Amino acid sequence: MKQLIIGDVMHELVSTRRILACLPEEHMTWKPHVKSMTLGGLATHMINLLNWQVAIFLYPEFDLSTVPNRRKP
């Protein structure tokens, strides 16, 4: 089961990297809606989700308050 999950994560990582590479730096402050996060914030959130998945597999306990976030300004 663990290998199946890791395979899915690796597939998602390839897609996520491809999408993030296409995001123009000058549009990172754009918001799709007034109440939405910025494009940079949404990209950061995608990266953090992947980081959290890795942390879940690497450590016996997972506490979001101890996981460093990678933030895009």
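Starting from the coordinates of the alpha-carbon atoms of the chain, obtain the Kirkwood hydrodynamic radius over all distinct pairs and give the value in Å to one decimal. Numbers along the way, then the final one.
On the way: mean 1/r = 0.0728 Å⁻¹.
One decimal place: 13.7 Å for the Kirkwood radius.
Rounding to the nearest 10 and keeping the result within 0 to 90°, find how far the Cα-based axis of helix 2-21 lies from the longest principal axis of the chain.
20 degrees
Out of residues 5 or more away from Trp30 or on other chains, whose amide H comes under 5 Å of its own, with H placed 1.01 Å from N in the peptide plane?
Correct list: Leu39, Gly40.
None of the figures in this text is laboratory data; all of them are computed from the coordinates on show. The structure displayed is predicted, hence computed values, not measured ones.
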